[in-house]
Amino acid sequence: MAHRGTVGALLTSGLVAMVAIGGAGGYGVGLLTTTDQSAAAAGTAAPLGATGSSTTPSVTPSPTPTPRKVTYDDSPALQVDDLRYKTQTLTVKSVVRSDLSVRIPKGWDLTQPDPPKTGRFTDPTGKRWIRLEAGFTIKRPPAASMQARIVELNHLSADQMMNVLSRTVDKNYATLVYTYVPPVEQSPEGVLRYVIVRWVANDSGNCAVEMSSTGLPQDKAALMDVLDHATDSVVRTDSPL
């Protein structure tokens, strides 16, 4: 497959694991125009922190929790050939204001939290989406951002059954692929999710945009196509808040 060329600033993502997954080739990397080069990509995987106790432990052992059952959504896979893309714009705010332009599948709707630190485009079924984050200070390379995420993922609750499938580092981005089951409050039925995260560098070589493409295991080819189109087209332009 063809490697993307260096055009201005780039976006990346990465995965940890035994098998490296390659993206679709043949696209040019998106240009990132940034004014701030100092903070770090700030996405989190919502790890659960350890808690300590100064009290004497009970002599009665705690019961072993019942293992959580994983279920699989057997919906028809999202097909690459069915995807049609168009340029979308969004604004995210954190340390700075970042205006993003990016190619997203047609029919995927944008939602943002308040404050708008991220943007998420979701497909009509609600089962697949791509999340983009910027607005952070730019200070570390994609590989370092990926490693920080891996540390966070390794602290997830055991019942989320996180499993890293692969991680790769290219010249302009890093990519992490893993599966997991969302927390019970988000997915009582325990549906397995397939996630590809990418950290993309700008012309400084440091991460300027973080993006993640999420869906079902059978969607993996289409999810990578969505991520590759976003990687190759994204433009970040910063201004003060």
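Looking only at residues that are among the β-branched types (Val, Ile, Thr) and buried (at least 24 other Cβ atoms within 10 Å of the Cβ) in the stretch 208-241, which one is nearest to the chain's Cα centre (by Cα)? Break it down into steps so the answer makes sense when it comes.
Residues of the stretch 208-241 that are among the β-branched types (Val, Ile, Thr), as a first pass: 209, 214, 226, 231, 234-235, 237.
Keeping just the survivors that are buried (at least 24 other Cβ atoms within 10 Å of the Cβ) gives 209, 226, 231, 234.
Details: Val209: 10, Val226: 12, Thr231: 12, Val234: 15 Å.
This residue is Val209.
Can you tell me which residue is most open to solvent (accessible area, probe 1.4 Å) among those in the stretch 118-150 that are polar (S, T, N, Q) and in a helix (DSSP H, G or I)? Steps first, answer last, please.
Step one: list which residues in the stretch 118-150 are polar (S, T, N, Q), which gives 118, 122, 125, 137, 145, 147.
The next check asks that each one be in a helix (DSSP H, G or I); those that pass are 145, 147.
Details: Ser145: 4, Gln147: 84 Å².
If we take residues in the stretch 118-150 being polar (S, T, N, Q) and in a helix (DSSP H, G or I), then Gln147 is most open to solvent (accessible area, probe 1.4 Å).
Aliphatic (A, V, I, L, M) and out of contact with any strand residue (DSSP E or B) (no Cβ under 9 Å at 6 or more places or on another chain), is that true of Ala148? Reasoning before the result, please.
Values: aliphatic (A, V, I, L, M): yes; out of contact with any strand residue (DSSP E or B) (no Cβ under 9 Å at 6 or more places or on another chain): yes.
When the stated conditions are applied, Ala148 passes them.
Looking only at the stretch 232-241, which residues are out of contact with any Lys or Arg (no Cβ under 6 Å at 6 or more places or on another chain) and assigned to a helix (DSSP H, G or I)?
Pass one, the stretch 232-241, residues out of contact with any Lys or Arg (no Cβ under 6 Å at 6 or more places or on another chain): 232, 234-238, 240.
Answer for the stretch 232-241, where residues must be out of contact with any Lys or Arg (no Cβ under 6 Å at 6 or more places or on another chain) and assigned to a helix (DSSP H, G or I): just Asp232.
Got a number for residues in the stretch 106-117 being open to solvent by less than 50 Å² (accessible area, probe 1.4 Å) and under 20 Å from Arg236 (Cβ atoms)?
Of the residues in the stretch 106-117, the ones open to solvent by less than 50 Å² (accessible area, probe 1.4 Å) are 107-108, 116.
Filter again for under 20 Å from Arg236 (Cβ atoms), leaving 108, 116.
The total comes to 2.
When Arg84 is evaluated against the numbered criteria (1) at pLDDT below 95; (2) open to solvent by 80 Å² or more (accessible area, probe 1.4 Å); (3) farther than 26 Å from Ala208 by Cβ, which criterion, by number, is the only one it fails?
So the condition that Arg84 fails would be (1).
So which residues in the stretch 167-192 are open to solvent by 40 Å² or more (accessible area, probe 1.4 Å) and either free of Cβ contacts under 8 Å to residues at least 40 places away in the same chain or within 12 Å of the chain's Cα centre (by Cα) (or both), if there are any at all?
Kept after step one, since they are open to solvent by 40 Å² or more (accessible area, probe 1.4 Å), are these residues of the stretch 167-192: 167, 169-171, 180, 184-186, 188-189.
Within the stretch 167-192, Tyr180, Glu185, Gln186, Pro188 qualify.
The values are calculated or read from the model by the stated rules, or taken from the named source; none is laboratory data. In this text, all values refer to a predicted model and were calculated from it rather than measured experimentally. Positions of Cβ are backbone-derived with ideal geometry, glycine not excepted, and every protein chain shown enters the neighbour counts. Please note that ligands, DNA and RNA were not included when accessible areas were found on the heavy atoms of the full protein model with its side chains. Shrake-Rupley method; radii C 1.70, N 1.55, O 1.52, S 1.80 Å.
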